[in-house]
Every structure is written in C-alpha cells, then in structure tokens.
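Trainee: Below you will find the structure I want to go over with you.
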Amino acid sequence: MERIIKSVDYDYLEMKRIIDAMCCRNPVIECFSIGKSCAGRDITALKIPSSGQYVLFTAAFHGSEHITTNILLMFIEEFCDAYQKNRSLCGINVKKALGNRGVIFVPRVNPDGCEISIRGALGCGKDAGRIFKLCQGDFTHYNANLRGVDINHNFDAGWKELRELERKEGVFGPASTRYGGEKPHSEPETQAIVNLCRENDICHAVALHAQGEVIYWSYNELQDKRSKQMAEIMAATSGYALDVPMGLAVGGGFKDWFIKEFRRPGFTVEVGRGKNPLPINDTFKIYAKLCEMLTITAIM
C-alpha cells in the first residue's frame, strides 16, 4: 500500500484534502463533521460503521501537539485498508476481530489551535493581534483554542478544583495554555466531543497527546475494573509506562470526563519524547512503536 499520510505538518485545508483522499481509497470509511470550532472549521470524524458499540480514538486537543493528528491518520489509513481488504494488521485480522463493533476517529479535536501552531499569525485570521498577545508572539507552542481556552481543561470532571489550581499558577483568563474557560463545556470543541460520546455507545476511548511515552488510565477511583488490565496490555505492546497525572494534569480532561460520565475505560496516551511541538520527522518512528498497541486497543 502506498501511503497517503506523510511526515509533514498538515494545516486545516491540507488535512481535509488528505482525509478526502483516504475516504476515496477506502469506501468503508464514513466521514462527517461532529461540530464547528470557534473559527467555524469542521471537527471531522471518520467512522467504520456498526450496529453495536464503538471504540473512540481522538487526537490534537492541543495546538502544539498536532503531530498526533498525523499519527492517528496513519493508523486510520492502515487499519481501514486492512479492514476493507480483510487482511491482517500487526498479525490481527481486524475485520474478524472487530465483529459487530465499529470505530470512530477524530484526528483533530482542536483545528484552530493546530492552525495557529502550524501557520502562526496566518492561522489566526482577524484574531491575529489578540492571539499574539495571549502567546506573546510564540505561536508555535500555542495549545488553546481560538478563544484562549485549553480544551483539555474544559471538560466537566473536577473542573472547579482544577480552576483553583490554575489560579494558584497565575492563570486567570484566556491564555495560550491551561485556562479551563468560564465554565465546563463552554467551548464548541468540547461540546462536539461530549455530544459524540452521548450519541454513540462508546465502549472505551483513547486520547492521543504529546509527549512522555506514558499512559494514563485512572481518575478518582471511578475507572472501570477492566481499565488497569487494558492499560497493562497497551503498555506491554507499546513500551510506554503506566503513570498517574499530577497537579494541573488532573481533572478537566476528556479522559477524566469519559471515565466519570460513563464508568468505562478511558485512556490518555502521551506519544513520543521531547519538547512540543515534536519534530514532524518523528512521526513514522512514533507510529511504528504504537501501531500494535492501537490495533489491539481497537479490538479489546
């Protein structure tokens, strides 16, 4: 199979073109929008349809972590090709292993933040001046959405406690990172993911972040009893370590909300090592280490 996905930074329009090309090659994929970003960009989802439950994979909650979009797109490309051709991926016949389960992928939860990190002032549109002030001119490391809200601090799971920690760290309003918004689920990007989960029977969910090569799997002892065992399998097949978040990494995140809301397994996978944004040339190296883990997670 000739790869469509390359180790290049995809801005919003190029990502849409790439996704269209993937869907043309793999008719099994259904492509749809789950909502709009603050700037009106589609938050695109791809789906292998099912009459039963779904596994959910998400990526790029933070602008500077846009490499996770490429990694998830690489997995979608290989996984869907194997499914369509009824062949194996990482030694697993994925179509047979999935049975009546489907998979939903959201490669870029925060398209505005990624556009800002990738394209700088050009990615901000008419808001370039305001964003310049929020990030003090450092567009590359921008994590928040267009309104300066950190999407992974905006979910309704320990949000009030996290807000107090943000204030202790000097975060009182819109910023390039770590501001959780005026209230939980205030942002359209957050609402899009929440609605997606409530409208579909999601058996477990994975969020790709960068960096650290660790897997977070618990939240306030609310996790499903299967979560630890699943996380151990994910760790064994990726070489990543299991870990417990601390400080401002606790609460407010998608994984935390999913566990709290549904009492089902939710995972945050911090891919790669280094400083965000990770070098885009590391994409294939990171993906090669994760392919088996992602495949097994889809069928667990």
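Trainee: Taking the alpha-carbon distance from residue 36 and a cut-off under 22 Å, which lysines remain once sequence neighbours fewer than 8 residues away in the same chain are dropped?
Mentor: Residue 36 reaches 16, 47, 126, 183, 255.
Trainee: If you don't mind, another one. Of all trypsin sites (Lys or Arg not before Pro) in region 181-248, which ones are in loop regions per DSSP and have a Cβ with at most 16 other Cβ atoms within 10 Å?
Mentor: Those satisfying the criteria are 225, 226.
Trainee: Grab the Cα-Cα distance for residue 128 and residue 93, subtract it from 0.36 nm times how many residues apart they are, and report the gain in nm with one decimal.
Mentor: 7.8 nm
Trainee: Label residue 161 and residue 199 with points 7 Å out from Cα along Cα→Cβ: what is the distance between them in nm?
Mentor: 3.2
Trainee: Using a Förster radius of 25 Å, what is the FRET efficiency between residue 6 and residue 36 based on their Cβ-Cβ separation? Nearest 0.05, please.
Mentor: 0.40
Trainee: What's the angle, to the nearest 10 degrees (0 to 90), between helix 12-25's Cα axis and the longest principal axis of the chain?
Mentor: 10
Trainee: Out of the chymotrypsin sites (Phe, Trp or Tyr not before Pro) in region 112-212, which ones are loop residues according to DSSP with at most 16 other C-beta atoms within 10 Å?
Mentor: Of the chymotrypsin sites (Phe, Trp or Tyr not before Pro), the ones in loops of region 112-212 whose Cβ has at most 16 other Cβ atoms within 10 Å are 172.
Trainee: Stretch residue 28-residue 226 to full length: gain in nm at 0.36 nm per residue minus the Cα-Cα span?
Mentor: Going from the current span to full extension adds 68.3 nm.
Trainee: Here's another thing I want to ask about it. Gain in length, residue 244 to residue 13, computed as 0.36 nm per residue apart minus the alpha-carbon separation, to one decimal in nm?
Mentor: 79.5 nm
Trainee: Another question, if that's okay. Sum -39500 (n - 2.57) across every DSSP H segment of at least 4 residues in the chain, then divide by the residue count to get the 222 nm mean residue ellipticity, nearest 500.
Mentor: Result for the chain: -11500 deg cm²/dmol, rounded to the nearest 500.
Trainee: Using mean Cβ contacts within 10 Å as the protection proxy, how do 19-28, 283-292, 62-71 order, highest first?
Mentor: Per-residue mean Cβ counts within 10 Å order the peptides as 62-71, 283-292, 19-28.
Trainee: Give, as a single signed number, the net charge of other residues whose beta carbon lies under 10 Å from the beta carbon of residue 95, with Lys and Arg counted +1 and Asp and Glu -1.
Mentor: Its environment carries a net charge of +3.
Trainee: Compute the distance from the alpha-carbon center of region 25-57 to that of region 204-262, in whole Å.
Mentor: If you average the Cα positions of each part, the centres end up 23 Å apart.
Trainee: If you build a Gaussian network model of the chain, linking Cα atoms that sit under 10 Å apart, which residue out of 148, 252, 91 swings the most?
Mentor: With Cα springs under 10 Å in the chain, the top fluctuation among 148, 252, 91 is at 91.
Trainee: Let me ask something additional. Under 18 Å Cα-Cα from residue 6, which aspartates and glutamates qualify once same-chain neighbours fewer than 8 residues away are excluded?
Mentor: Hits, sequence-local ones excluded: 14, 20, 65, 77, 78, 81, 115, 282.
Trainee: Then there's this: For the Cα atoms of the chain, what angle does the longest principal axis make with the long axis of helix 283-299, in degrees from 0 to 90, nearest 10?
Mentor: 60
Trainee: Report, for the chain, the % of DSSP beta bridges that are antiparallel, rounded to 5.
Mentor: 40
Trainee: Going by average Cβ density within 10 Å per residue, which order do the peptides 3-11, 264-272 take, highest to lowest?
Mentor: Taking the mean over residues of other Cβ atoms within 10 Å, the ranking is 264-272, 3-11.
Trainee: May I ask you to sort 150, 243 by Cβ crowding, counting other Cβ atoms within 10 Å and putting the fewest first?
Mentor: 243, 150
Trainee: I've got another one for you. For helix 67-84, report the angle its Cα long axis makes with the longest principal axis of the Cα atoms of the chain; keep it between 0 and 90° and round to the nearest 10°.
Mentor: The two axes meet at around 20 degrees.
Values in this text are rule-based calculations from the coordinates and carry no lab data. All values derive from a computational prediction rather than experimental measurement. Methodologically, a virtual Cβ is constructed for each residue, glycine included, from the backbone with ideal geometry; neighbour enumeration extends over all protein chains shown.
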